[in-house]
Amino acid sequence: MSSAYLGLGSNEGDRLEHLQRAAERLQQRDALTVVGVSPVYETEAHTTSPDETQPPFLNAVLRLTVEADPRSLLRMAHAVEQAEGRTRTAEQRWGPRPLDVDLLAVGPLTRDTEALTLPHPRLAERRFVLRPWADLAPNFVVPPPFDRSVQSLLDQCTDPASIRRTDHTIGEGRASPEAPGTET
């Protein structure tokens, strides 16, 4: 069994419900168990142009124990997105979506194929991933090319987007008990 981390995000429809159902759908899979859930944060949407506006995202990170290989885990993540109404298209990469599930890391594994890159290649640029992940597993060392803890990556992150911890919880809400706050 390996530990894996998934980033969840939603900025369309009932955002919290999409995150909640994603955690539930993943928990129902035989090859994995959700063992930790970060606090939920609200963040600005990253867009393709400064003039574009989108609703803000709710974001969280899940810690899983998995028996599946990373490629199977990615397929499960995409199936959960699809069940929540997401249609993956090239032009939608930065568009609004009911659910986005990103495979962040699977233990110490690294992969670089057309279908899957582990760890997620842009995670160090994304405060909306690192902030909730640091609440859940600050000392997890992200494999190469990062070779640093999640907390260290967060401390060095230059993403200027605002982020605010909410009072929302998903799943069983197992995470650190830090108080809600704002980070810019």
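Sorting the segments 1-13, 107-119, 65-77 by their mean number of nearby beta carbons within 10 angstrom, highest to lowest, gives 1-13, 65-77, 107-119. Relative contact order of the chain: 30 percent, from C-alpha pairs under 8 Å at least 6 residues apart in sequence. Once the Cβ-Cβ distance of Thr110 and Asp30 is raised to the sixth power relative to R0 = 35 Å, the FRET efficiency obtained is 0.85. In a reduced charge model with +1 at each Lys and Arg Cβ and -1 at each Asp and Glu Cβ, segment 1-123 shows a dipole moment near 340 debye about its Cα centre. Between the labelled values (i) -0.31, -0.47, -0.79, -1.54; (ii) -0.38, -0.56, -0.84, -1.26; (iii) -0.28, -0.42, -0.71, -1.45, the entry that holds log10 I(q)/I(0) by the Debye sum over Cα atoms at q = 0.09, 0.11, 0.14, 0.19 Å⁻¹ as derived from this structure is (iii). The helix-only estimate of mean residue ellipticity at 222 nm for the chain, built from DSSP H runs of length n ≥ 4 each weighted as -39500 (n - 2.57), is -7000 deg cm²/dmol after division by the residue total.
Bear in mind these aren't lab numbers, they're just calculated from the coordinates by the rules spelled out. Predicted model, so just to flag it, every value in this text is computed and none were measured. Note that we place each Cβ from the backbone using ideal geometry, even for glycine, and neighbour counts take in every protein chain shown.
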